[in-house]
1. Return the FRET efficiency for the residue pair residue 40, residue 8: r is the Cβ-Cβ distance, R0 is 25 Å, and the value is rounded to the nearest 0.05.
2. How long are the three semi-axes of the equivalent ellipsoid for region 4-49, computed from the Cα gyration tensor as the root of 5 times each eigenvalue, in whole Å, largest first?
3. Would you work out the relative contact order for region 4-49, in percent, from Cα pairs under 8 angstrom that are 6 or more residues apart?
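Each reported figure results from applying straightforward, stated rules to the coordinates on display, with no laboratory input. Please read all numbers here as calculations on a predicted model, not as lab measurements. Ideal geometry is used to build each Cβ from the backbone, glycine not excepted, and the neighbour counts take in all protein chains shown.
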Amino acid sequence: MLNADGVIVGNYRCSLVGRDVNRTYNIFGPDRIPEVHYTRKLVQYCQETCKDVVFCDFHGHSQ
């Protein structure tokens, strides 16, 4: 789960600081939206080094 901190406080769409992680995938930088930044880095790393194919649903769903 990418937004565990937000979900704990009842924000199913927003992060702990109130940012919508579903709408900020194109915002770069670990200081802006760290959850998105490091997820992108992980996907990029896997594309470059892994032979396995993984399907991930990067969209949050309502409660």
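1. 0.60
2. The three semi-axes for region 4-49 are 22, 11, 8 Å.
3. Answer for region 4-49 is 20 percent.
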